[in-house]
Each structure stands twice: as structure tokens, then as C-alpha cells.
Amino acid sequence: MLPQMVGRWRAARNLTRDLDAALELQRQGRLAAAEAAYRAVLEREPGHVRALFNLGLIRVRQGAPDEAIGLFGAALARQPDFAEAHNALGIALRLLGRYEEALAHYAKALAIRPDYAEVENNIGLALQAQGRPDEAILHHRRALALKPDYAEAESNLAAALRELYHFEEALAHYRRAAALRPDAAGACNNLGAALQLVGRHDEALARFDQALAMAPNLAEAHHGRGTALRTLGRLDEARGELERAIALAPRKAEFYRSLAEVKHFTRDEPHLAAAEALAGEAAALSPEERIHLFFALGKIYDDLGEHERSFANLLEGNALKRERTRYNEAAALGQLERTSELFSAEIMRERAGQGEPSPLPVFIIGMPRSGSTLVEQLLASHPEVHGGGELSDFAQSVVALGGPDGIPADIGGAELRRIGAGYLDRITGLAPAALRITDKMPANFRFAGLIHLALPEARLIHVSRDPVDTCLSCFSILFGGDQPFTYDLGELGRYYHAYQQLMAHWRTVLPPGVMLDVQYETLVGDFEKEARRLVAHCGLEWDEACLDFHNTRRPVHTASSVQVRQPLYQSSIRRWRPAPEQLQPLLDGLAGG
């Protein structure tokens, strides 16, 4: 009996020793050796909970979350109250896009450990991935309440705030994350990305440089530098940085999409083969990365003239994106309809002249991909105009009003002046010496009536383009902002139809001379004549620099940032169109069906 007891004691001691050795290898980052050590332990004791759990963590880090799920599940079968395993299983499920299952396991982890800050943070990440940033914010804040020095939660809270356009608040949290981890290259990279969003590109580049000084092979920082340089019009440098990012992380589909945005692909382009190879492994990518890959291939095959293949990828990418996008079509279209009812001709007459008079703002409105970036670029080439880009200031003022759809029906003169004065205060700081500042937020078409009442001297420029061309161009873009109606052809067509109806209403209730209609096809067909008309509408003298718009150096954030650096071209007019049966949902929507 005694020899058997000694044998069992020695076996247990050896198992503990081997587990300790495996854990030390794991801590050192020697994952392959640690994996082998844990597997050796499991050969001797197949149900060892800690070995199963730690091996699962390693397989997640090695990019095999599907195998990790089985390992965590086996650990939980033996120890159901293992909170860390529920959390880890949730992480693996989230990486595979199985968000509801992940949330269920996070909930079990919290039931066992209510003060588990990491789980609150992970719930936030799962909600963000589902397009629920408002809910995600609550959980990231809970994580920080439980663990105030939690740098990762600070970064994730900032990312969720960024999705809701709370850029300044997001920047503050990115700064705090960087302060908590001053030696962390990832925190510097995130701060650089946030600085880009608020238009502080030189500071952003400095932060990316700081990140790369600490971690020269940080692919995300090279990618960040590339996107910042693209915004600044330094396209050759941007391409170089994006190519370096791909070389460091060849399975990161987002990098291919960013490169495709600044590069015209040809058949002998080496990154084409890499992107196509990645497509062969698409099933192993996360849903977010698959979305990036499909949109990248959509642009690449369009460059190659392989339009059917391009559109097939765009259909895949948009369908996947739509699954992860929260969009209430009835509410969105109803809001546009109610806006026209609220700003009736009678209301527009009664409230006329009560706002803040200033000719400073020029609002460029319309649908995305209608040519508004070109209009702003030519105006910003004028020495007395500052191109403000897509500003969210007016929309934020509307949200702050707090009535139905953000606009009280009984809005009065004092409130109108407050809206106008507040908006002017915010934008004047962009360029104190400018005579005009453009605001190229296309979605401001929803507020054209309120803009005129709050800022009666402001000019509006409505840019439109062939409806099918506009919608197909929208369908080809993975927008960085909130454009939830663009990922389904039927929804896109119906939104465009509602937009057209609202614009027709504005034409009947706005006084003559307030809004100028510009047709994109006419603009590129007779550029100087239309450019002179635009400048005159802004109350400015003509300047020849407006004809040389592609040489104007200024940040351009939109999807057209590369196109407006090029001389005028007409290739986007009557772009290739898919087969009628594929296009029918869009055509039905455009017709109001």
C-alpha cells in the first residue's frame, strides 16, 4: 500500500512541476513550447482543468479560437463555477462572431464574480461588434468603476464614444489610456487614431511615430500613419506605409482595403495575389475582417475591369455588414417625412429672420458620394474660404434640442439665435481669418430648414448626381461613419427616394437664393462655368485657384480624398451597372416601392 501512495505522491508532484514549467513558458511568450507541455500534462490527466484552460488561452493567442472553445468547454464541464473560463470562452466565441453565445458566458462569469471588471469590458466589446456602441459605453464605464486604472477599458470606451461621434470625449479617454500605459505602443497608436478624427493630423503622426519608436513592427501604427498621410494628400508616402503594414500583418484584411483606396490595382500587383489568397481563407477570419476583405476585393476587381466579380464581393460584404448594423428603416424614413411636415411654408415664414445673421457658414448637403467633396475642394481652393470638412456640430445642436426627432415644434427666436450663435462659435475657431467656412456634412440635408432659420445668411449648396450612380457608389464603400441605410440595395433606394422628396420640399419653402442646386454631371462637364456659379453663390469674387483644386493642400477625410487630388475626370459618370435582376431592389426603392 505504501509504495502505491508514494507513487501517487510522486506523480502528483511531477504533474505540479510540469504545470509550473508550462506556465513559466507561457509567461515568457514561448507559446509553442508551453502548448507541448500542457498537452503532455493532459495525456497523463485528460481532464485537468487548469491545463485545459491555459491551453485554451494559448490557442486563442495562436489564432485558433475554434479549438479553444472545446478546451474551455471541457474545463467548465468539470468546474462549472470557473468564472475565468466563462470569460475566456466568451472571448473565443466573440472572435468567431458568435456574439450572443459570448454574452451568455460573460453573464455567467458575472453571476459568479459580480466585480469582474474584465468581463464588463468584454461585454462592451461584444456589444460594439454588434453595432451597439451606446450599450457598450455603459459596460466599459462599469469596468472602469470597478478598476479605475484599467487602460484597455479606457481605450475601448473611447472607441465606442468615437462611433457615436463624441470625438472630444473619446480623445480624453484615449489620452488617459496612454497616460496609464506610457510605455505601451498600442495606447500611443490609439491616441494617434483619435487625434486624426478631430483633425489634428500632425499630432496624430507624432503619436504614430512614438508608437513605432517603441515597437517598429507594430503593423497598426504603420496603418495609422498611412491613413493619416492619405488624408493629408501625401499619397506616395501613404502607399508605402500601408504596404509595410501588410508586410507585417498579411492576414489583416483591413490593411488591404486601405491600400486599395489609395492605389489602382493591376494584374501584376503583388498585393492582389495576397488578397486573393486571403479570400481563400475567409472562413477563418472574423466577421469584421471578412467585411473589410470583401470591400477590398470589390475595389480591386473594379480596378481590373472585372465588374461582375467586384459586385459579387460587394454583395457579400454589404450583406455581412448589414447583419451587424442596427437600422430602423421605418423610423429613419418617418423622420424625414415628419421633418417636411414640421417645417411647413407657414412655419418658415413665421420664424424667418429670427436667427443669428452671419454669412460665414456654407453648408454643402446631399447624399454621400454625390460629388460634395469635389465642390468643397474647389471652394476651399479660394483664398478666402476654409474647408471645414464633415462637421457634426449642427447635428449635435439639433440633438441637444430634445424634442421629437430633436426639433421642438414650437422652437422660437431665442432658441434659434442660440443654435446659430453656438454653431458660429464652434466653427470660427477653425479659421478665424476666413470669410467663409464650408461644412460638408451631407446628412445636414435633413436640417436645411432649421439651418436657414438659425443662420439666415448662411448659404446652402445641394449637390446631386445620377441616383443609380450615387447609390452604387455608396454600396461600394465601407463608410467610417454612420450610414446604416447603404448596406442593402432596397433600403438604399428607399432612403434615396425619401431624401429626394425632402429636397423637393426644401425647394418650395426656402427663399430664393438661399440654396443652390448643383448637378455633378454638369459640374464636371462645364467645370469653370459651374465653379464660377458656386463662388458667386457664396458671395465671393472669382479666383482662378478654384480651377486648380487638385493641387490644394488640405486634409480631406472622406472616401473621395484620393480622387480630389487628381485633375478633373468623368469616368464616374454612368459607371458600370450590374444585371437588371441584381439591380431591381434598388430600382424599386428609387421608385418609391
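The values are calculated or read from the model by the stated rules, or taken from the named source; none is laboratory data. All values reported here derive from a predicted model rather than from experimental measurement. Quick reminder, even Gly has a Cβ in these numbers, built from the backbone with ideal geometry, and neighbours come from all protein chains shown.
Filtering segment 26-65 to residues that are outside any helix (DSSP H, G or I) and either touching a Lys or Arg at 6+ places or on another chain (Cβ under 8 Å) or on the phi > 0 side of the Ramachandran plot (or both) leaves Gly29, Gly47, Gly63. Answer yes if at least one residue in segment 352-365 is farther than 15 Å from Pro456 by Cα, outside any strand (DSSP E or B) and either touching an Asp or Glu at 6+ places or on another chain (Cβ under 6 Å) or among the acidic types (Asp, Glu) (or both), and no otherwise. No; the residues of segment 352-365 include none that is farther than 15 Å from Pro456 by Cα, outside any strand (DSSP E or B) and either touching an Asp or Glu at 6+ places or on another chain (Cβ under 6 Å) or among the acidic types (Asp, Glu) (or both). Only one of the listed residues (Tyr327, Tyr301) is buried (at least 17 other Cβ atoms within 10 Å of the Cβ), at pLDDT below 95 and of a type in the set (Ser, Thr, Tyr). That residue is Tyr327.
One line per residue, one yes/no per condition, for (1) farther than 24 Å from Phe167 by Cβ; (2) without any contact (Cβ under 8 Å) to a residue 12 or more places away in the chain:
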| site | (1), (2) |
| --- | --- |
| Gln79 | yes, no |
| Glu101 | yes, yes |
| Asn122 | yes, no |
| Leu125 | no, no |
| Leu144 | no, no |
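Assessment of segment 286-297 against the conditions (touching a residue at least 24 places away in the same chain (Cβ under 8 Å), crowded, with 16+ Cβ neighbours inside 10 Å and more than 30 Å from Ala68 (Cβ to Cβ)) yields no matching residue.
Among the numbered conditions (1) touching a helix residue (DSSP H, G or I) at 6+ places or on another chain (Cβ under 6 Å); (2) surrounded by fewer than 23 Cβ atoms within 10 Å (Cβ to Cβ), the only one that His166 does not meet is (1). Each residue in segment 214-242 was checked for being surrounded by 17 or more Cβ atoms within 10 Å (Cβ to Cβ) and among the acidic types (Asp, Glu), and 2 of them qualify. Given the condition at pLDDT below 95 and among the acidic types (Asp, Glu), answer yes or no: does some residue in segment 311-318 qualify? No, because not a single residue in segment 311-318 is at pLDDT below 95 and among the acidic types (Asp, Glu).
Restricting the first member to segment 191-216 and to residues that are free of Cβ contacts under 8 Å to residues at least 24 places away in the same chain and more than 14 Å from Arg175 (Cβ to Cβ), and the second to residues that are assigned to a helix (DSSP H, G or I) and charged (D, E, K, R), the beta-carbon pairs closer than 7 Å and six or more apart or on different chains are Phe208/Arg225. Filtered by the rule that a residue be surrounded by fewer than 20 Cβ atoms within 10 Å (Cβ to Cβ) and aliphatic (A, V, I, L, M), segment 106-116 gives Ala107, Leu110, Ala111, Ile112.
Residue-by-condition table, conditions (1) over 19 Å from the mean Cα position of the chain (by Cα); (2) among the basic types (Lys, Arg); (3) under 23 Å from Thr325 (Cα atoms):
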| site | (1), (2), (3) |
| --- | --- |
| His386 | yes, no, no |
| Gly413 | yes, no, no |
| Arg417 | yes, yes, no |
| Leu424 | yes, no, no |
| Thr428 | yes, no, no |
| Ala443 | no, no, yes |
| Ser464 | yes, no, no |
| Phe479 | no, no, yes |
| Tyr487 | no, no, yes |
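With the structure loaded, tell me whether Glu337 is charged (D, E, K, R), over 27 Å from the mean Cα position of the chain (by Cα) and in a helix (DSSP H, G or I) or whether it fails that test. Yes: the conditions hold for Glu337.
Of all residues in segment 87-105, none are more than 36 Å from the chain's Cα centre (by Cα), assigned to a helix (DSSP H, G or I) and surrounded by 15 or more Cβ atoms within 10 Å (Cβ to Cβ). In this structure, Leu516 does not qualify as among the aliphatic types (A, V, I, L, M) and modelled with pLDDT under 95. Only one of the listed residues (Arg436, Arg418, Arg426) is in contact with a Cys (Cβ under 6 Å, 6 or more places away or on another chain) and of a type in the set (D, E, K, R). That residue is Arg436. Say whether the condition of being within 25 Å of the chain's Cα centre (by Cα), assigned to a helix (DSSP H, G or I) and under 24 Å from Gly387 (Cβ atoms) is met by at least one residue in segment 490-501. There is at least one residue in segment 490-501 that is within 25 Å of the chain's Cα centre (by Cα), assigned to a helix (DSSP H, G or I) and under 24 Å from Gly387 (Cβ atoms).
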